[in-house]
Amino acid sequence: MYNEQRIRGILFYLSVSIFLIGLPAILSFALGYKFNPATFKFTKTGLLVIRTHPEAADIFLNYKLLNEKTPATIRELLPGDYNLSLFLDRHYPWSGKVRIEAGRVALMEKTILFPLRPNIKQLNKDKISSFWVDQKESKIYYFNRENNAIYRSNLEGEDFEEIGILPQDFSLSKKWKISKDGENLVGFNPRQVILVYLKMRGRFADTQPLIILEHSDYPIIDIFWHSDNYHLILITDRSIEILEARPQAKILNIVNLNKKNIAAFYDDSNDTLYFNDVQKAADGKWYDNVYKLELSTKSFPFQELIKPKSNE
Amino acid sequence: MNSGLNIRRSLEVIPGIISWGIIILLVILSILHPVFCAIIIIVFDFYWIIRSTYLTTLLVMAYQKLHRQKDKDWLKECQEVTPGWQELYHLIIFPVYKEDLQILRPSLEALKVCHYPKDRMIVVMAFEERNPDSRKNAGILEAEFKDSFLRFLPTFHPDGLPGEKRTKGANSTWAAKKAREFLHSKGINEENVIASCFDADTCVDKEYFGCLSYHFLTSKKPHQASYQPIPVYNNNIWQAPSFARIVEIGGSFCQMIESMRLEKFVTFSSHSMSFKTLVDIDYWPVDMISDDSVIYWKAFLFYQGEYRVIPLYITVSMDVAYSNTLLKTIVMQYKQKRRWAWGVENFPFVVSRFLQNNQIPFFRKIRRSFHLLESHVTWAVWAIILLVIGPLPVLLGGAFFSHMAIGYNLPKITGLLFKFTLFTSLTWIILSRTILPPRPRGVSGLRSILMVLEWGIVPFVILILGSTPALDAQTRIMLAKYMEFNPTEKARKMI
């Protein structure tokens, strides 16, 4: 027991010694103090934290190459301005001035080193005129005006394939709109609506992948998808109409307009159409107004209104 | 209120005020002066790592000693070294409250198979009169064990005796007095009797009484010492839930560490002492919860500081406290740890008596008081400082602090320092495997792997069942909301 207590005593005093010696070193490190053996004094320094994207860039501080590569924390820097340069092979170098303050950290954390040759590649494998990205499904759709062909690929340009040809006389609007479920695409010109079924399933399982609906009444100005992904809201220069996204669908005119080329905004989260029109007032003059048309199935018997009429 | 009570009350609030003061001060500093708070945290972290490394070394030393003395034939040692051993009698008291026969029977069976003459053992089952099953259980056990020892003596502690609280110490004292009557009736000299007060679920090692007798007979002043075995919780450790097991293994390890720090060593849980001394100091306190440690301080004061605890490197095994649901087990463990932490009541008890005592050297009184206070305050705050307050300067210090050198370095330094604790943790994990009993039949081998992995929940355990109950106990005593003794329910799952 006596021996054990002696060993314990030695261990105790050893622990105390480590604590007393180690603590000043740890605290001075934490606070950024640097011991200068020449002057036998502690000097308060600052830190420089450098992170780059991509990593592993060479660091030149005041034109002197450091051993570290990014990401790096340069400690014990005396306060002052420093010239910092970062070099990475095949990337544009970065250089600038950084100010180091005593006891503080200068953070260079958002440095991007851009490659000398940008990382660029062609995605289309055929001639195209325009394109549209479906981020949700990670697909790119392409349109070639010369032959009216529609193509599809993934976001890397792989699996590039033709998915349909529009009639030669069909002039496609630049406006392509995808349904909220990402399964159908609609495009239009003043007299035609083109529907592309991106996924042939459900109620579209037996239909053609691409159909064109003729619209001969008034020129179409804009089209919106209803949140049920089945109905389309058509804005023409004379009316607001509802169209089902299926072959031989009939058009339902729900609002007659007095003004041509109205402005319209469709809030598909609430299925509400905002539009402007002119209305004749009691004084016999015409006034511009903004209207709100609710088309939500929750607030309005939308389905009941349309289906009987479309089946007529 | 007289001055004595005033002093005692003043002393009662000191641990709570210090613990809460440290916590509140650090939280305020982390908002108002995060740099200063960060310095304190770094100092504390570094201190804690040095301390835990030092204590782990002591644990290894204690373990080596325990391992060396394992399976030693202590009775033979007694016979060789001290021919007078046969004159010794062992009085073994089991204070019982609600423990059922499933708990009590194994404790008596362990005594029965001890490698020590049973005709030198007097076993007292100290029941509480207020427990309606007491008489029935006593009758069953008496029928089973009356011929196993020199005397099997059931006692029934009446409820509501003047000056008493419902504590284990009151029951033990009643039992010891009854046992004394028996000793007198048999003409047994009290000086030759060693009293052991065991928790009801305590199963002693078969060499325990040989070891105890040897140390009693070979120590210079045997009546001026308590004899403290290493408590382990092996009775049901394989069946207990992970965190309960971690807590109890941690408790055993702390006791092993304490056994190496003799100048601070105080009795805990099941232990033994001279019956003569027990009588001289008027038995256990009848109105305090932490009777197991107060009994040491009573003896320390009686002998004017010339009293010590001799560690016995032999185990007594008890039950891990757990219940049938996780939540109930956490609550049960929490209450048990809070009861242990109620040992903070020793501080006002001891210091108020030190103030009246001129015989004990001044510096010894200061040192012991400081140890007592420091241990309880540390218990209450260390996990909170490390786990809760540690990140606060970074979280609350704002952009200014995060752009300071210390703000940037604080997480890195604490992270680096805590990597060192992996070594100590690894030591604890390895040792925890070695003190386990063999895996019982019916327990999956996967549990062996789980028992290593479960050490990952230590941060949760030390916060919920380490510091919090201690802070709770100190707060209650600070606010004079005194606790009643609430015995831990013990459950043993049959497999």
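Points to keep in mind about this one:
Conditions tested, residue by residue: (1) modelled with pLDDT under 95; (2) closer than 30 Å to B:LEU416 by Cβ; (3) touching a helix residue (DSSP H, G or I) at 6+ places or on another chain (Cβ under 9 Å).
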| site | (1), (2), (3) |
| --- | --- |
| B:SER317 | yes, no, yes |
| B:ILE330 | yes, no, yes |
| B:GLN333 | yes, no, yes |
| B:ASN358 | yes, no, no |
| B:SER369 | no, no, yes |
| B:ILE385 | yes, yes, yes |
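- So B:PRO348, is it in a helix (DSSP H, G or I), closer than 19 Å to B:THR267 by Cβ and in contact (Cβ under 8 Å) with a residue 12 or more places away in the chain: yes
- Test set (1) crowded, with 16+ Cβ neighbours inside 10 Å; (2) farther than 25 Å from B:LEU417 by Cβ; (3) more than 22 Å from the chain's Cα centre (by Cα); (4) among the small types (Gly, Ala, Ser) - B:SER30 fails condition number: (2)
Conditions tested, residue by residue: (1) within 7 Å of chain B (Cβ to nearest Cβ); (2) surrounded by 15 or more Cβ atoms within 10 Å (Cβ to Cβ); (3) assigned to a strand (DSSP E or B).
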position: A:ASN3; (1), (2), (3): no, no, no
position: A:ILE10; (1), (2), (3): no, no, no
position: A:SER15; (1), (2), (3): yes, yes, no
position: A:ILE21; (1), (2), (3): no, no, no
position: A:LEU27; (1), (2), (3): yes, yes, no
position: A:LEU48; (1), (2), (3): no, yes, yes
position: A:ARG51; (1), (2), (3): no, yes, yes
position: A:ALA56; (1), (2), (3): no, no, no
position: A:ILE59; (1), (2), (3): no, yes, yes
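- The range A:29-46: number of residues that are more than 7 Å from chain B (Cβ to nearest Cβ) and assigned to a loop (DSSP other than H, G, I, E, B): 5
- The lone exception for A:LYS174 - which of (1) modelled with pLDDT of 80 or more; (2) of a type outside the set (Asp, Glu); (3) in the same structural domain as A:GLU244 (by TED's automatic domain parsing) it fails: (1)
- B:ILE385 away from chain A (no Cβ under 14 Å), within 28 Å of B:LEU32 (Cα to Cα), among the β-branched types (Val, Ile, Thr) and touching a Phe, Trp or Tyr at 6+ places or on another chain (Cβ under 6 Å): yes
- Within the range B:404-484, helices (runs of 4 or more DSSP H) holding 1 or more residues that are in contact with a Pro (Cβ under 7 Å, 6 or more places away or on another chain) and surrounded by 17 or more Cβ atoms within 10 Å (Cβ to Cβ): B:405-434, B:468-478
- Meets criteria (hydroxyl-bearing (Ser, Thr, Tyr) and within 25 Å of B:TYR482 (Cβ to Cβ)) for B:SER290: yes
- Those strands (runs of 3 or more DSSP E) of the range A:208-276 in which 2 or more residues are crowded, with 16+ Cβ neighbours inside 10 Å, under 27 Å from the mean Cα position of the chain (by Cα) and among the aromatic types (Phe, Trp, Tyr) occupy A:220-225.
- Scanning the range B:26-40 for residues that are part of a helix (DSSP H, G or I) and more than 10 Å from every other protein chain (Cβ to nearest Cβ) turns up B:LEU26, B:VAL27, B:ILE28, B:LEU29, B:SER30, B:ILE31, B:LEU32, B:PRO34, B:PHE36, B:CYS37, B:ILE40.
- When every residue of the range B:72-89 is checked against the conditions, at least one turns out to be over 30 Å from B:TRP428 (Cα atoms) and modelled with pLDDT of 95 or more.
- Picking from residues in the range B:52-71 that are free of Cβ contacts under 8 Å to residues at least 24 places away in the same chain and at the interface with chain A (Cβ under 7 Å from one of its Cβ atoms), the one that is farthest from B:ARG433 (Cα to Cα) is B:TYR54.
Quick grid of which residues meet (1) assigned by TED's automatic domain parsing to the domain that holds A:TYR266; (2) of a type outside the set (S, T, N, Q):
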| position | (1), (2) |
| --- | --- |
| A:GLU68 | no, yes |
| A:MET108 | no, yes |
| A:SER130 | no, no |
| A:VAL133 | no, yes |
| A:ILE178 | yes, yes |
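- Hey, B:ARG180 over 19 Å from B:VAL279 (Cα atoms), out of contact with any strand residue (DSSP E or B) (no Cβ under 6 Å at 6 or more places or on another chain) and charged (D, E, K, R) or not: no
- Count - residues of the range B:37-74 that are under 24 Å from the mean Cα position of the chain (by Cα) and of a type in the set (Phe, Trp, Tyr): 3
The values are calculated or read from the model by the stated rules, or taken from the named source; none is laboratory data. None of the values given here were measured: they were computed from a predicted structure. For neighbour counting, all protein chains shown are included, and Cβ atoms are generated from backbone atoms with ideal geometry for every residue, glycine included.
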